[in-house]
Structures are given as structure tokens and as C-alpha cells.
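**Q** This structure is in C-alpha cells; I'll ask about it shortly.
What follows draws every value from the coordinates through simple rules; no lab data is involved. From a predicted model like this one, the values you see are computed outputs, not experimental measurements. Every residue, glycine as well, gets a Cβ built from its backbone with ideal geometry; the counts of neighbours run over all protein chains shown.
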Amino acid sequence: MLKIILIIAIIGIAGISTNYAHSQEIGLATFQESAQVIIDKKINFESITSITLSSSNIQEIIIPTELEQKIRESKRIQAVVITNQNNCTLGVYDQSCIIINIERSPEDKGIFAIQDNTREIADSYIDAVNRVFDTNAKFFQVYIHTNDDTNQALDTSGIISGSGTISAVYTMPMEDTGSMYGKLSSMLLSKSIRDGGGFYDNAKILSMKQNAKMSFSITPLESKSLLQLRVSVNSPITSQMEKVTPKINPLEFFNIENLNRSNYFSSGNYPLNSIFQIVIISNDETNVSDVKGDIIPTQKIDGMEMPIEIAKKGWIFDPQRGETIQGKFIFGENISINENEMKFSLGGSNLQSKEIELDESIVVIIIITIVSIGAAIFYLKGYKK
């Protein structure tokens, strides 16, 4: 039964748009804004603060229909990425990159055949990509990823740069993130999204930080493409984070006291289209405690904690205990959240979970929630448990 409902939910998501929501019924818009903080005290000993704006609607994140269709209908292209991330691939220094990932053909035997075929396909797209994004990237090399180093450097999911991915890499002069993000966001984001503020305003501020980096990706799906614009800042772990029971103020990483939603969602009720996520990775097992704001009641379905009261704002922690802690804060029907209601601690008494029975009528909404959150963080760096 759950699988059938999941299929229905996904079909429903594909048909939901901001153009049709004029009531207080819960909807899911194609545009999503996601903020994320990763506190990595185990692998890279750094914090990563990022904001991602994503959509599968080319009227919201605007790219020419011809280019989107050409990429999607190729069947071999897995992703196109524009980034100024340092060392976008092995051998690239102080240059921005356009990366075109190509699925390997079983007919390609040997490394030279793989490289030649990959470049031939990528070369047939690079002129159009350069023209659309006002770039002048030149061929650098074909790179066959044998590990996740580039994936970790770019903070992307495996389809972008994970193990086994074949990338045609094109390079161009390095551009500072503030100007690059300003140019691409004004070019890509619709005026209504730019005028709507919200996470977009915070992303602009984040892009001006000295060590900020950005990426824009086109990931083809079956009938549309996932378009994601991301800006991130990496910072060394501070002494405060090394305390045994640190107090976490998530918005402090953005140097803000309040996080506002985009006014783009004001035409309807879209509680799931603005998501805040935090991931904490430690060497030792710890747990969430002393949460200042609300905790959303959940029901475990297929091993995942599903939020039930999605009209209310609050935290969903899953897992709440372990070497990796993950939390998502949803806005519900609110347009803003403040730092005081997002604070929590690590260590101390475990949270008391609420056991709530669920009827099938709400399962569809719960699945839409989890699909929404998953889509919102698709392009963000994922750590394996």
C-alpha cells in the first residue's frame, strides 16, 4: 500500500505549481530554498555553511528550453556543473570550471576510447553552454573519477562527481564568488524570486565572504531537469565546537538572528519549500538535548522519521543520537524563524520521542514532505552514516 501511495505522491508533486495555489491547502512548489550547516569534527575539521536554490521549472530558474531539452534528451549526460570551487578536478588550480559528466558506454573499451568518446559528446555541448552563460571555457581534460575526492571538494552528490563518474572538464579564468554569483543569479533566477528575498538575500551576503564558493548544476531527470544554484563557505572548526557539550546556534553560522522565507511563497501554503538542515559529525557518540524551540511529532515509516504536523514550525532530528546527528527545521505556516527557537545542545538528557499513530490519509502528505526535503538537499554534500 505504501509503495502505491508513494507513486501517487510523486505524480502529485510533478503537477503541483505555485500557479495553482490560491487557498490554504498544503501545496508543494517547484521552487525550493534550503540552508544547511555541516559541522564536521571527524573528517575535514571544518564547518560548511551553504544555501541552495533549486527548481525543476525553467521559468523559475531560467535556462533556454533548447539547451535543457538537448541535455536531457542526450541520455548520456548525467550533469552539467559551472563552479569556481578550488581544484574542481585534479590538476586545475585558480580557475573556474565547467564540468560535463558523461555516462560511460559499454562499447568503450580502454581508457583512450572512454576519453575520446566523452570529449566528443561534451564538445558538442560546450559552445551552447558558453553562449548561454556568457563564459569562454576551454577544454582541459577528461577525468575518470576513481574516488570521492572531487565529490567532497565540490560538496555534491555522487551523480555530480562521485566514484566512477567520467567528466569532461573545461576551464576559464577564476572569478570571485560575489561577482560570479551576482551575474549568474541575476541571469538564472526569475525576477519574482529575486524580488521575493528570503534565502536568496542571505545567499547574496554569503557569496561576498572571502572564502565563499559557488556552483550551478543542471541534472537531467526523465521529463525535466533539476536546476540548483548553490553558494557555500568553508571555515575551520572553532574551539567552541570542541567542547564536550557544545551549545549550537545554527543561525550564528550565517551571522543572522532571523531567517526569513521568500515572499515567492506568499500566494499559497507551502510549508515544505523552505528547509533548514544541520549535520553534525563527531568522533564520539553524542545526542541532541535542550532544544529551545519545538520538536515536530514524527512517525517512523520505512526506517525514516516522517513529520506529521507540517503546518507547525520546529525541528525533526533523525538520528537524534550517534556519531552523526541530522536535524531539519521546517517553517510550517510561519514566514520567519529566529535564532532562539533553533538553539540546542549536544550531550545531556536524551529527547523524549512522541509515539503517534498514523492513519493512511496523512501518509501521502508525509511522503510529500520527505520527497520535498530530499529534493531540497539533493545537491548538498551528503555524509554516509
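**Q** Would you list 251, 206 from fewest to most Cβ contacts within 10 Å?
**A** In order of increasing Cβ crowding within 10 Å: 251, 206.
**Q** What's the extension gain from residue 211 to residue 301 if we count 0.36 nm per residue and subtract their Cα-Cα distance?
**A** Additional length available on full extension: 28.4 nm.
**Q** Sticking with this one: For residue 141 and residue 76 in the same chain, what is the full-extension length gain: residue separation times 0.36 nm, less their Cα-Cα distance, in nm?
**A** Answer, rounded to one decimal: 21.6 nm.
**Q** Convert each backbone phi in the range 209-226 into a coupling constant with the Karplus relation 6.51 cos²θ - 1.76 cosθ + 1.60 (shift: θ = phi - 60°), then list the ³J(HN,Hα) values in order as whole Hz, x for Gly and Pro.
**A** 5, 4, 9, 6, 9, 9, 8, 10, 10, 10, 10, x, 10, 5, 10, 7, 10, 8
**Q** For the range 250-353, build the convex hull from the C-alpha positions and give me its volume per residue in Å³. Could the numbers behind the result be given before it?
**A** On the way: hull volume 10.6 nm³, N = 104.
Each residue corresponds to 101 Å³ of Cα convex hull volume.
**Q** Would you list 186, 217 from fewest to most Cβ contacts within 10 Å?
**A** 186, 217
**Q** At a Förster radius of 51 Å, what calculated FRET efficiency corresponds to the Cβ-Cβ distance of residue 174 and residue 349, to the nearest 0.05?
**A** Taking R0 as 51 Å, the efficiency between residue 174 and residue 349 is 0.55.
**Q** Given a cut-off of 21 Å, name the pairs among 70/213; 183/209; 247/312; 292/313; 183/204 whose C-alpha atoms lie farther apart than that in the structure shown.
**A** 70/213; 247/312
**Q** Shifting gears a bit: Near the amide H of residue 140, under 5 Å away, which other amide H atoms are found, from residues 5 or more places off or on another chain, if H is placed in the peptide plane?
**A** Those lying under 5 Å, H to H, from residue 140 are 169, 170, 171.
**Q** Another one. If you take the charge dipole of the range 186-266 about its Cα centre, with +1 on Lys and Arg Cβ and -1 on Asp and Glu Cβ, which of 206, 188, 229 is farthest toward its positive end?
**A** In the range 186-266, that residue is 188.
**Q** May I ask for the distance between the Cα centers of the range 187-204 and the range 46-120, given as a whole number of Å?
**A** The two parts, judged by their Cα centres, are 24 Å apart.
**Q** Pop out the ³J(HN,Hα) list for the range 80-94 in order, Karplus 6.51 cos²θ - 1.76 cosθ + 1.60 with θ = phi - 60°, rounded to Hz; leave Gly and Pro as x.
**A** Residue by residue, the range 80-94 yields 10, 10, 10, 8, 10, 5, 4, 6, 4, 7, 4, x, 9, 10, 6 Hz.
**Q** Taking the range 92-130, which GluC sites (Glu not before Pro) meet the DSSP loop condition and have no more than 10 other C-beta atoms within 10 Å? Please list the in-between numbers first.
**A** Details: sites: 103, 107, 120; in loops: 103, 107.
Sparse-neighbourhood loop GluC sites (Glu not before Pro): 107.
**Q** With each pseudo-label sitting 7 Å past Cα toward Cβ, what's the residue 321-residue 43 distance in nm, one decimal?
**A** With each label point 7 Å from Cα toward Cβ, the separation is 2.5 nm.
**Q** How large is ³J(HN,Hα), in whole Hz, for each residue of the range 176-181 in order, when computed from phi with the Karplus curve 6.51 cos²θ - 1.76 cosθ + 1.60 and θ = phi - 60°, using x for Gly and Pro?
**A** Values per residue, Gly and Pro as x: 5, 5, x, 6, 5, 5 Hz.
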